[in-house]
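Report on one structure; see the data block that follows.
The values are calculated or read from the model by the stated rules, or taken from the named source; none is laboratory data. Please read these numbers as outputs of a predicted model, since none were measured by experiment. In this analysis, Cβ positions are derived from the backbone assuming ideal geometry, glycine residues included, and neighbour counts consider all displayed protein chains.
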Amino acid sequence: MVTEGKPKIGVFLCECGREISDTVELSTLGQGVAEMPGVVLSQRQAYCCSKVGLHEIRQAIEKHGLDRVVVAGCTPRTHGPLFEKALEEAGLRPSCLEVVNVREQCAWVHVDDPEGATEKAMDLTRMGVAKAAIMGLRTSIQVDVTPAALVIGGGTAGLTAAATVAARGFPVMLVEKEPELGGQVARLHTLYPRGESASEFIKKRIRSVEGQEHIRILTGSTVTDISGPIGDYQVTVARDGKILEFHVGTVIVATGARESEPSDEFRQDGVRVMTQSELEQALPENEVNAGHVVTMVYEPDPEAYSTVAAATALKNSLLLKRRHPEAAVSLIFNDLSSDLSAAMMEEARALGVRFYSYDGRRAPRLANKAVEVFDRLRGEAATIPAEVLVLAMPLVPHDDAMSISSMLSVPVDKHGFFLEPNVRLRPGSFLPTGIFVCGSAHYPVSANESVFQGYRAAARALRHLSAGTLASQGPGAQVRESLCVGCGTCVESCPFGAISMVPGRGMLSVSKIDASLCKGCGNCSVVCPAKAIVMETSSDKELIAQIDAALAARTDGRPRVLALLCEWSGYAAADLAGAERRQYPANVRIIRVGCAARFDPYLVLWAFLKGADGVLLGGCDPGMCHYIEGNRWAAKRIETLHHMLKGAGFDSRRLSLQWLKPDDGAQFVEVVREFVDEIEYLGPTILVDTGQSLGASPQGQLLPSGQSV
Amino acid sequence: MISLTIDGHKVEALEGSSILEASREHGIEIPTLCYHEALEPYGSCRLCVVELETPRGPRLVASCVYPAEDGAVAKTDSEMVQASRRMTAELLLAAAPHAKAIQELATRMGVQEPRVSLSDNDCILCGLCVRACAEIVGANAISLVHRGFSKEVSPPFEIGSNACIGCTTCVFICPTGAIKLEDVLSNRSVHDWASDFQARVCKICGDHYLAPELKAQVGESLAGPEV
């Protein structure tokens, strides 16, 4: 990915008013920069980010024919887009920019050590220049969106979403596995909280999709396969033994939920046990005629608490009491959510519904035609006679939710509900999948909430559909097919399912990365045993160039610590430490990587071989990874590397992996201080670079004998 | 290029720049809080006011949003400007008594103790976080809601939003340190990604393995820049 000919790098040194120039000796830095390979221009500016500054950068690009720009100023996290825009206006690709953070990492944090700060600024700029010289240019991905939508599920949410999308003129395929539309609401009597008729409610929604010219309704059908790239999913639907195939650009998942079945512990002679929906079907026929009715919010698992179940129990207790004022109606619950309708609670109390609150750890039991419950409110055990026991069972996802989840690669939570396929990355750096979840498929919701969610999903889907094309400049991974050995390790390593094996030359299959799914975490490039996967940005080469540059010039005689920081946590924490002017030792050189998944043991070893005295790795807290589990991969790898280093007789204290919080500058400074203290105590390493490249050393023998004395 | 007079100095500025930008470019410092180079100016903190000569006499304008005009005469440190800034600093200190940046600013303006007390919350509603979220990150996860005393920064409908990507740019950019990661997390519906981590190893040999015939190529790919 080296550009043709020698790169022409322009370096702009920002004074930032006097914020940088007060601490960092910019004239020394300027002289040093001018001598760096590839640099054709080194220019000092009062403010690179001001209108004048950006204007001068644009002019310099034209005048000197620069093809790479390095700005030594402040953090790329906030000012990067500003410079990228200036480059674009001057006709360069935005990815030709490298921002070196000398303000947050030198000027603001080494105020008492101007010499150290200047030397560090020099190193950081050298690292930036070295990276810029070989920097890979991001390619952009563009995909067309097929103007059609698939709605899975014909319940309240699905009907609403289908009607809304179709009203804007996009064809919609509405797939429902039952023979009739309507979903759960069709089985209800009245709706919470206003008591409108459920059948009227759902009939209105069904009418809105029936006879709509853009909607094709497929009842009694199941989705058997969804494949294809983002923007053009190929859907296969089975209906009456026949197979239908069509293409859509967006998928709305509205598969809903169902009442779980009551367990056998409630089966007892003489007591009629029914679920809330059975009660609702029985109510119109006046079937429930009993003197003692107990409704109970059944929660086998406190986490399964749903407002919907509690609301249904409340609604139905009230309905029963209204119909049969003479019956004794009791409502047993663990915890009634505060967002239940206060008016209904009051009416229920006024009519004489008795409320019992039980402790979640002491579940009520059914014995001798009565429910025994320890009432938390009164502080005593109560025995409530029961002829009919109505259970409000937790709502659970349908059984086929799992198969849809794997078809769409949309994750589900531990209860089986869908999680919105939204990964926390900078928008624009990846393509939106066009898959949206609404209604109870998400989590149990009321009918009204389902309508809102249906509208919301439809609005998002419409935005997706009307965009026509999607484009992004993803920091993606690419496979060098000539190096791929076809082992398939990368397929398992990809948290986004972007990699698949395809037939290659000869007997080997080669891995293929779907650029529209790749988020650029770089995990595959680390696991690849043949190093056949290369990142477009922050490639191994770039990182190695940075490591080399960081360790090239050492004049202060102090141990040199290299820090590889994930941009979502450690790098952000370093920025914050700068903004808060927290001081730390100046012999740390920071390299920004996209994710802890990029903490490649090879890179760490390379750094040690090149003379780093300590390597600090900073990733996101467990569970906070923006790429799902990059930090856990890193933990595993570094643990192994620790063992290997120990085995090779190398002090593994020189390598430290830390979880850093992006909003805790103090923690970052503390970690750096402790680590630098440790390294200074250990002294410089005695590893000497023999010029032998690491890649050529046989695996398993990490440090060739003779290198560690 | 246009030319204007700031504090008695003739300065030149690019057309379209603000008085603040023209001043900073020439080393004339004007205090700001809600201004950020990477964002569109907003003019909410009123610390950057300067005195501008107009046909109807001197007038205070917010220099971050006021365009530099040819022949304009501005004073950045007159008595009128100082009085205004002192009052602004005092009110800011009342609004954010614990914020270090505000305390320093107030001390610089000669304000010791605010005469009123407004809130315990250090948010000064400068809108930097909201603008950064929209303009730099592009996520639009937060906005300023309500008016007057109840105005605050909040996600849509004050419920957790998937729009937030947890980048913590707002935490970094907040001048008073009023935003913390917990706020960011509570403004987002946090998903417990249900993925079990398993140590995965090469299927062929059970370890990370490097094929001998590939060594040369790998060595090349690892050896750094080609020279």
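Taking only the range A:508-523 into account, find how many residues are within 14 Å of chain B (Cβ to nearest Cβ) and modelled with pLDDT under 80.
Qualifying residue count for the region: 1.
Return a yes/no flag: does the range B:115-138 have any residue that is charged (D, E, K, R), in contact with a Leu (Cβ under 7 Å, 6 or more places away or on another chain) and more than 15 Å from B:ILE19 (Cβ to Cβ). Break it down stepwise before answering.
Applying the first criterion (charged (D, E, K, R)) to the range B:115-138 yields B:115, B:120, B:122, B:131, B:135.
Narrowing further to those that are in contact with a Leu (Cβ under 7 Å, 6 or more places away or on another chain): B:131, B:135.
Checking the rest, the ones that are also more than 15 Å from B:ILE19 (Cβ to Cβ) come to B:131, B:135.
Yes, the range B:115-138 contains at least one residue that is charged (D, E, K, R), in contact with a Leu (Cβ under 7 Å, 6 or more places away or on another chain) and more than 15 Å from B:ILE19 (Cβ to Cβ).
Go through A:ARG239, A:ARG205 for me and flag whichever is basic (Lys, Arg) and touching a residue at least 40 places away in the same chain (Cβ under 8 Å). Give the steps one after another, and end with the answer.
Values: A:ARG239 fails: touching a residue at least 40 places away in the same chain (Cβ under 8 Å).
Criteria check complete, one pass: A:ARG205.
Residues that are crowded, with 18+ Cβ neighbours inside 10 Å and within 14 Å of chain B (Cβ to nearest Cβ): find the strands (runs of 3 or more DSSP E) completely inside the range A:344-463 holding 2 or more of those. Before the answer, list the steps.
Values: elements: A:354-357, A:365-367, A:370-375, A:380-385, A:388-392, A:395-397, A:435-437.
Filter on the range A:344-463 gives A:435-437.
Could you give every pair whose Cβ atoms fall below 7 Å, whose first residue belongs to the range A:489-507 and is more than 11 Å from chain B (Cβ to nearest Cβ), and whose second residue is among the acidic types (Asp, Glu), counting only separations of at least 6 or pairs across chains?
Close Cβ pairs satisfying both conditions: A:ALA498/A:ASP514; A:GLY504/A:GLU481.
Step by step: first the residues of the range A:524-566, then only those that are at the interface with chain B (Cβ under 9 Å from one of its Cβ atoms) and more than 23 Å from A:MET36 (Cα to Cα), then the one that is surrounded by the most Cβ atoms within 10 Å (Cβ to Cβ). Which residue is that?
Across the range A:524-566, the extreme among qualifying residues is A:ALA532.
Taking the range A:191-217, which residues are in a strand (DSSP E or B) and buried (at least 18 other Cβ atoms within 10 Å of the Cβ)?
Quick first cut of the range A:191-217, residues in a strand (DSSP E or B) only: A:197, A:215-217.
Of everything in the range A:191-217, those that are in a strand (DSSP E or B) and buried (at least 18 other Cβ atoms within 10 Å of the Cβ) turn out to be A:ILE215, A:ILE217.
If we scan the range B:84-106, do we find a residue that is touching a strand residue (DSSP E or B) at 6+ places or on another chain (Cβ under 9 Å), touching a residue at least 24 places away in the same chain (Cβ under 8 Å) and not assigned by TED's automatic domain parsing to the domain that holds B:LEU14? It would help to see each step written out before you state the result.
Step one: filter the range B:84-106 for residues touching a strand residue (DSSP E or B) at 6+ places or on another chain (Cβ under 9 Å), giving B:84-85, B:88.
The next check asks that each one be touching a residue at least 24 places away in the same chain (Cβ under 8 Å); those that pass are B:84-85, B:88.
Still in the list and also not assigned by TED's automatic domain parsing to the domain that holds B:LEU14: none.
Within the range B:84-106, none of the residues are touching a strand residue (DSSP E or B) at 6+ places or on another chain (Cβ under 9 Å), touching a residue at least 24 places away in the same chain (Cβ under 8 Å) and not assigned by TED's automatic domain parsing to the domain that holds B:LEU14.
When B:PHE157 is evaluated against the numbered criteria (1) more than 8 Å from chain A (Cβ to nearest Cβ); (2) in a loop (DSSP other than H, G, I, E, B); (3) at pLDDT below 80, which criterion, by number, is the only one it fails?
Status for B:PHE157: all satisfied but (2).
Which ranges mark the strands (runs of 3 or more DSSP E) fully within the range A:109-182 that have 3 or more residues being out of contact with any Asp or Glu (no Cβ under 8 Å at 6 or more places or on another chain)? Walk me through it before giving the result.
Values: elements: A:141-144, A:149-152, A:172-175.
So the answer is A:149-152, A:172-175.
Here are B:SER119, B:SER186, B:SER195, B:SER221: which of them is surrounded by 15 or more Cβ atoms within 10 Å (Cβ to Cβ), among the hydroxyl-bearing types (Ser, Thr, Tyr) and modelled with pLDDT under 85?
Values: B:SER119 fails: surrounded by 15 or more Cβ atoms within 10 Å (Cβ to Cβ); B:SER186 fails: surrounded by 15 or more Cβ atoms within 10 Å (Cβ to Cβ); B:SER195 fails: surrounded by 15 or more Cβ atoms within 10 Å (Cβ to Cβ).
Within the list B:SER119, B:SER186, B:SER195, B:SER221, the selection yields B:SER221.
If you scan the range A:620-666, which residues turn out to be more than 14 Å from every other protein chain (Cβ to nearest Cβ) and within 26 Å of the chain's Cα centre (by Cα)?
Across the range A:620-666, the qualifying residues are A:SER656, A:LEU657, A:GLN658.
Please give the strands (runs of 3 or more DSSP E) falling wholly within the range A:10-107 in which 3 or more residues are touching a residue at least 40 places away in the same chain (Cβ under 8 Å) and within 38 Å of the chain's Cα centre (by Cα). Steps first, please.
Working: elements: A:39-45, A:68-73, A:97-101.
Per the criteria, A:68-73.
Being over 16 Å from A:VAL111 (Cα atoms) and in contact with a helix residue (DSSP H, G or I) (Cβ under 7 Å, 6 or more places away or on another chain) is the filter here, so list the residues in the range A:571-592 that pass it. Break it down stepwise before answering.
Pass one, the range A:571-592, residues over 16 Å from A:VAL111 (Cα atoms): A:571-573, A:589-592.
A:ALA572, A:ALA573, A:ARG589, A:ILE590, A:ILE591, A:ARG592 - these are the residues of the range A:571-592 that are over 16 Å from A:VAL111 (Cα atoms) and in contact with a helix residue (DSSP H, G or I) (Cβ under 7 Å, 6 or more places away or on another chain).
Can you tell me which condition A:PRO529 does not meet? The list is (1) in contact with a helix residue (DSSP H, G or I) (Cβ under 9 Å, 6 or more places away or on another chain); (2) assigned by TED's automatic domain parsing to the domain that holds A:LYS661, and all the others hold.
Only one criterion in (1) in contact with a helix residue (DSSP H, G or I) (Cβ under 9 Å, 6 or more places away or on another chain); (2) assigned by TED's automatic domain parsing to the domain that holds A:LYS661 is unmet by A:PRO529, namely (2).
Just one of A:ILE230, A:ILE252 is at pLDDT below 90, under 37 Å from the mean Cα position of the chain (by Cα), under 30 Å from A:ILE513 (Cβ atoms) and not charged (D, E, K, R); which is it? Quick ask: steps written out before the conclusion?
Details: A:ILE252 fails: at pLDDT below 90.
Being at pLDDT below 90, under 37 Å from the mean Cα position of the chain (by Cα), under 30 Å from A:ILE513 (Cβ atoms) and not charged (D, E, K, R) holds for just one of A:ILE230, A:ILE252, which is A:ILE230.
Within the bounds of the range A:266-274, is there any residue that is assigned to a helix (DSSP H, G or I) and not polar (S, T, N, Q)? It would help to see each step written out before you state the result.
Going residue by residue through the range A:266-274, those that are assigned to a helix (DSSP H, G or I) are A:266.
Narrowing further to those that are not polar (S, T, N, Q): A:266.
Taking every residue of the range A:266-274 in turn, at least one turns out to be assigned to a helix (DSSP H, G or I) and not polar (S, T, N, Q).
Looking for whichever is farther than 20 Å from A:ALA552 by Cα and crowded, with 24+ Cβ neighbours inside 10 Å here; the options are A:LEU576, A:LEU616. Which one fits? Let's see the steps before the verdict.
Values: A:LEU616 fails: farther than 20 Å from A:ALA552 by Cα.
Checking each option against the conditions leaves just A:LEU576.
Quick one: B:ARG46 ticks every box in (1) out of contact with any Asp or Glu (no Cβ under 9 Å at 6 or more places or on another chain); (2) surrounded by 14 or more Cβ atoms within 10 Å (Cβ to Cβ); (3) within 11 Å of chain A (Cβ to nearest Cβ) except a single one, so which number is it?
Every listed condition holds for B:ARG46 apart from (3).
Counting just the residues of the range A:306-330 that are touching a strand residue (DSSP E or B) at 6+ places or on another chain (Cβ under 8 Å) and of a type in the set (Val, Ile, Thr), which one comes out modelled with the lowest pLDDT?
Per the criteria, the residue is A:VAL308.
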